[in-house]
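Step one of this worksheet: look at the structure below.
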Amino acid sequence: MKIERRETLRVLSLSGAAALLGLRASESKAQCLTTDDILGPFYIPGAPETPQLAPAGAPGTPLFITGTVYARDCETPVRNAKVDVWHANDGGGYEDGHYRGVVFAGDNGQYSFQTILPGKYLNGAQFRPRHFHYKVSAMDTELTTQVYFEGDTSIPADPWASSPAAAGRIIPLSEDQSGNLHGVADIYLDVEPLTNSQEGQGFSPAQPALRHIMPNPMSAEGRVQAFLPAAASVGLLLFNLNGKLAREIIRNQKLPAGMHQWEFRAETRHGLRLQPGVYILQLQADGRPADSKRFIVV
Ligand SMILES: [Fe+2]
């Protein structure tokens, strides 16, 4: 048992290391801020507003990305942030009319889109690693960056992806039983957090809302925050992608209005550990689903 525990801790510290490298690159700014990356030559303004970037029937491996846009305090969601994404097709080519889309973050800062795994293309003599280009904007601030994927063998030779500043933007992908890939790409934008006291501008949900799952992906333990606009009996349920209940984190907990936080461990006190994969965390209020977020256990 003790050996297993040590291994769990070691996994935690390894996966945390990538995030830390990214954080230290920008010490003068908030530690969590997402670093920028080059725009590249293939950006086209005015992409369609759609969460479906690849055309129907496009060749390639289906890929589902979700994430939350946070403000510079590293925890307040940025409602209605604009997320503009473009990427290469399966063969590594950019197309003017496809593989581009704009999505907007919801009240809880969450955005999502689906597409196919971007292909690699030659940049000089080297292949660029698979990547998404992002432009994320809110409140007159715009971040241009790129997101890469853990384990990509083209990362070490790529000057942008191998930069220490990119470490926090290399995300793991996990595969479901149907062969689809899933990833979480949270974005930390250098904007002022707008709290609930600034009604109508920032995070002021009228409904109970999941606020923060940290870290995401999670290896061994983390925390979950939720906001309740009014007192409620709260449940937190974890489902796998097939809709099967994997864990009941809390059940019918009577709580007052305000922000609440729970510790979460991938391993229960009985020594049962969640399988690595993609999960959907559902917040229930008074017995009804109120909000949900995806997160990944690695
Ligand atoms: Fe590119």
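The values are calculated or read from the model by the stated rules, or taken from the named source; none is laboratory data. These numbers were taken from a predicted model, which means no experiment stands behind them. When we count neighbours, we look across all protein chains shown, and the Cβ atoms used for this are built from the backbone with ideal geometry, even at glycine. The area values use the complete protein model at the heavy-atom level, side chains included, leaving out ligands, DNA and RNA. Shrake-Rupley method; radii C 1.70, N 1.55, O 1.52, S 1.80 Å.
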Give me the residue from region 109-135 that is touching a residue at least 40 places away in the same chain (Cβ under 8 Å) and more than 16 Å from the ligand (Cβ to nearest atom) and, out of that set, farthest from residue 61 (Cα to Cα). 109
Since residue 154 meets every condition but one in (1) outside the structural domain of residue 277 (by TED's automatic domain parsing); (2) away from the ligand (no atom under 16 Å from the Cβ); (3) not in a strand (DSSP E or B), which condition does it not meet? (2)
Give the residue, chosen from 277, 287, 271, 243, that is out of contact with any Leu (no Cβ under 6 Å at 6 or more places or on another chain) and within 19 Å of residue 207 (Cα to Cα). 287
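Going by the conditions given, is residue 165 aliphatic (A, V, I, L, M), surrounded by 20 or more Cβ atoms within 10 Å (Cβ to Cβ) and outside the structural domain of residue 216 (by TED's automatic domain parsing)?
Spelling it out, it is not the case that residue 165 is aliphatic (A, V, I, L, M), surrounded by 20 or more Cβ atoms within 10 Å (Cβ to Cβ) and outside the structural domain of residue 216 (by TED's automatic domain parsing).
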List the number of the failed condition for residue 58; all other conditions in (1) more than 16 Å from the ligand (Cβ to nearest atom); (2) assigned to a loop (DSSP other than H, G, I, E, B); (3) open to solvent by 30 Å² or more (accessible area, probe 1.4 Å) hold. (3)
Mind checking which residues of region 15-46 are at pLDDT below 50, closer than 17 Å to residue 187 by Cβ and either assigned to a helix (DSSP H, G or I) or open to solvent by 50 Å² or more (accessible area, probe 1.4 Å) (or both)? 18, 19, 22, 23, 25
Considering only residues that are exposed (fewer than 15 other Cβ atoms within 10 Å of the Cβ) and touching a Pro at 6+ places or on another chain (Cβ under 6 Å), which ones fall in region 227-236? 231
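Condition test on residue 259, is it in contact (Cβ under 8 Å) with a residue 60 or more places away in the chain and either assigned by TED's automatic domain parsing to the domain that holds residue 79 or open to solvent by 20 Å² or more (accessible area, probe 1.4 Å) (or both)?
No.
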The residue from 191, 147 that alone is β-branched (Val, Ile, Thr), open to solvent by less than 20 Å² (accessible area, probe 1.4 Å) and either within 16 Å of the ligand (Cβ to nearest atom) or assigned to a strand (DSSP E or B) (or both) is 147
Could you tell me whether any residue of region 260-267 is outside any strand (DSSP E or B) and at positive phi? no
What residue, of 278, 224, is among the aliphatic types (A, V, I, L, M), in contact with a His (Cβ under 6 Å, 6 or more places away or on another chain) and either outside the structural domain of residue 146 (by TED's automatic domain parsing) or open to solvent by 60 Å² or more (accessible area, probe 1.4 Å) (or both)? 278
Looking at region 237-250, I want the residues that are buried (at least 17 other Cβ atoms within 10 Å of the Cβ) and have a partner that is among the basic types (Lys, Arg) and modelled with pLDDT under 85 with Cβ atoms under 9 Å, at least 6 apart or on another chain. Which pairs are those? 241/294
For region 281-298, enumerate the residues that are open to solvent by 50 Å² or more (accessible area, probe 1.4 Å), part of a strand (DSSP E or B) and at pLDDT below 85. 294
Exactly one of (1) closer than 25 Å to residue 223 by Cα; (2) buried (at least 21 other Cβ atoms within 10 Å of the Cβ); (3) in contact with a strand residue (DSSP E or B) (Cβ under 7 Å, 6 or more places away or on another chain) is unmet by residue 131. Its number? (1)
